[in-house]
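The values are calculated or read from the model by the stated rules, or taken from the named source; none is laboratory data. This one's a predicted model, so the numbers in the text were calculated from it and none came from an experiment. No Cβ is skipped: glycine too gets one built from the backbone with ideal geometry, and neighbour counts run over all protein chains shown.
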Amino acid sequence: MLKPDAIKMRLVGRILARIEGEGMGIVALKVVKLERKIAEALYEVHRGKPFFRSLIDYITSGPVIVAVVEGPDAVRTVRKACGATDPSKAGVGTIRGDFGTSVTKNAIHAADSIDSAEREIALFFKPDEVVS
């Protein structure tokens, strides 16, 4: 998911090109404004943590782009391209290292496992909207 900061900075094409450059195919894509309920489900793992409310406020503050990508070892490949969650610790050449400005405003969200990816995809897409 490309976060509101990536949309605001007009980085959509550059970020998607990086994902495709890693050999991933984009099989579903849409622009959405997250409802609070969906955002809370997306970040459920962080519920109860001190930053949860500010994360939800931020991710619902503007449009995001949700996508499904596929390719060899997609979860690991995309997370490697993203870099560390904290842009100051993400390597140069990673999406967060190059475009992120804070732990929250780090341009992109990526699932951390196949189970998470399947759960997150179901939040945003109907099965017939994913075209492999």
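For the reader, a short list of remarks on this structure follows.
- Hey, GLU20 free of Cβ contacts under 8 Å to residues at least 24 places away in the same chain, assigned to a helix (DSSP H, G or I) and either over 15 Å from the mean Cα position of the chain (by Cα) or surrounded by 15 or more Cβ atoms within 10 Å (Cβ to Cβ) (or both) or not: no
- Meets criteria (farther than 26 Å from ASP128 by Cβ and free of Cβ contacts under 8 Å to residues at least 40 places away in the same chain) for PRO4: no
- Looking only at residues of segment 103-118 that are in contact with an Asp or Glu (Cβ under 9 Å, 6 or more places away or on another chain) and farther than 15 Å from LEU11 by Cβ, we find that the one that is modelled with the highest pLDDT is ALA111.
- Each residue in segment 94-110 was checked for being surrounded by fewer than 19 Cβ atoms within 10 Å (Cβ to Cβ), closer than 16 Å to ARG79 by Cβ and of a type in the set (Gly, Ala, Ser), and 0 of them qualify.
- Hits in segment 33-70 - residues which are aliphatic (A, V, I, L, M), within 16 Å of ALA122 (Cβ to Cβ) and either touching a helix residue (DSSP H, G or I) at 6+ places or on another chain (Cβ under 7 Å) or part of a helix (DSSP H, G or I) (or both): LEU34, ILE38, ALA39, ALA41, LEU42, VAL45, VAL66, VAL68, VAL69
- Filtering segment 79-118 to residues that are part of a loop (DSSP other than H, G, I, E, B), of a type in the set (D, E, K, R) and over 17 Å from GLU22 (Cβ atoms) leaves ASP86, LYS89, LYS105.
- Condition check for VAL31: within 19 Å of ARG119 (Cβ to Cβ), surrounded by fewer than 16 Cβ atoms within 10 Å (Cβ to Cβ) and either at pLDDT below 95 or touching a strand residue (DSSP E or B) at 6+ places or on another chain (Cβ under 6 Å) (or both): no
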